[in-house]
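**Student:** Just passing along the structure, written as structure tokens.
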């Protein structure tokens, strides 16, 4: 599903350093006077999670209307003591429990209906201090103005559905900022967005993704772009945070390299940003990975913008990643799993 902005372009910033992302988000929540609506896939029980929960509780005690929606699978480790404290403080906490294999993978926040965040960042220490995979790299779009109403509509829909109430969204499209979102089962919005992104590239397409498991159609689109002379580069992490994914990714990295797609591996850190840069003039950023789960199963959200400052910052972010990256090694071009096993695993990862 697609929503276009109705009003004047918002003030937009691309935040790519954890200290800046969390610093801005915390400052905006601290300034909240009316409402805080937040939605995350992972809300951890570590120091970052507890501190953010305390902030939300404090704002609620001050009279701010605070609602928090987290995914029941991604946030299954959220301690009962934190849940209880949030509710005691008046925070309206809701856990999304999708049918079957569906997960609410969206990450976004709307403060006072005037400031919004959307991207790949969850609430957890791994974004601020790293973990066994090293420092985490991610991207978050912060914007202000009337365009935040689109995210507010999506949050209202998600919150109502998670609470067992029927809901709908009025879709508006006038070609400004684009917000692309999916319900459980995909619905094709992410595949259509990816098609638009790849076919819109004339010279250069840069993709950052933590999980490079493209669907057959998305792979064909990238191959077609290479064939018409577009430089296609995909940046991936050295290791995944999901043990079963590495071998499957190696299969796709080797296939991509064989048809002229340039793959760079970010070393000694974990690349979690889900972003595409088209000809350095358009940026798409949000929660969706380049895999079948994001395209066909989960609830996801992506935002497309032509904002010059965002595009410039996205290029700087990629330049920083490339200084940490090298081409795939022979090990990373070798998959130990038979092809039929890879195909069986892909829809589950």
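The values are calculated or read from the model by the stated rules, or taken from the named source; none is laboratory data. Keep in mind that this is a model prediction, so the values were computed, not measured. Glycine gets a Cβ as well: all are built from the backbone with ideal geometry, and neighbour counts include every protein chain shown.
**Student:** Looking for something at pLDDT 95 or above, in contact with a helix residue (DSSP H, G or I) (Cβ under 9 Å, 6 or more places away or on another chain) and more than 20 Å from residue 121 (Cα to Cα) - is there at least one such residue anywhere in segment 38-57?
**Tutor:** Yes - at least one qualifying residue is present in segment 38-57.
**Student:** Between 293, 280, which is part of a helix (DSSP H, G or I), surrounded by fewer than 24 Cβ atoms within 10 Å (Cβ to Cβ) and either at pLDDT 90 or above or not assigned by TED's automatic domain parsing to the domain that holds residue 138 (or both)? Give the derivation first.
**Tutor:** Working: 280 fails: part of a helix (DSSP H, G or I).
Exactly one residue qualifies, and that residue is 293.
**Student:** Given (1) out of contact with any helix residue (DSSP H, G or I) (no Cβ under 6 Å at 6 or more places or on another chain); (2) over 24 Å from residue 103 (Cα atoms), where does residue 184 come up short, assuming only one miss?
**Tutor:** Going through the list (1) out of contact with any helix residue (DSSP H, G or I) (no Cβ under 6 Å at 6 or more places or on another chain); (2) over 24 Å from residue 103 (Cα atoms), residue 184 breaks only (2).
**Student:** Which residues, taken from segment 128-147, are buried (at least 24 other Cβ atoms within 10 Å of the Cβ) and modelled with pLDDT under 90?
**Tutor:** 147
**Student:** Using the structure shown, decide if residue 38 is touching a strand residue (DSSP E or B) at 6+ places or on another chain (Cβ under 9 Å) and either not assigned by TED's automatic domain parsing to the domain that holds residue 112 or not in a helix (DSSP H, G or I) (or both). Walk me through how you get there before you give the answer.
**Tutor:** Details: touching a strand residue (DSSP E or B) at 6+ places or on another chain (Cβ under 9 Å): yes; either not assigned by TED's automatic domain parsing to the domain that holds residue 112 or not in a helix (DSSP H, G or I) (or both): yes.
Against the criterion (touching a strand residue (DSSP E or B) at 6+ places or on another chain (Cβ under 9 Å) and either not assigned by TED's automatic domain parsing to the domain that holds residue 112 or not in a helix (DSSP H, G or I) (or both)), residue 38 qualifies.
**Student:** Pick out the one residue from 49, 77, 63, 90 that is more than 21 Å from residue 302 (Cα to Cα), part of a helix (DSSP H, G or I) and either in contact with a strand residue (DSSP E or B) (Cβ under 6 Å, 6 or more places away or on another chain) or without any contact (Cβ under 8 Å) to a residue 60 or more places away in the chain (or both).
**Tutor:** Values: 77 fails: part of a helix (DSSP H, G or I); 63 fails: part of a helix (DSSP H, G or I); 90 fails: part of a helix (DSSP H, G or I).
Only one candidate passes the filter, namely 49.
**Student:** What single numbered condition from (1) at pLDDT below 95; (2) out of contact with any helix residue (DSSP H, G or I) (no Cβ under 7 Å at 6 or more places or on another chain); (3) within 15 Å of residue 38 (Cα to Cα) fails to hold for residue 96?
**Tutor:** Just one mismatch for residue 96, condition (2).
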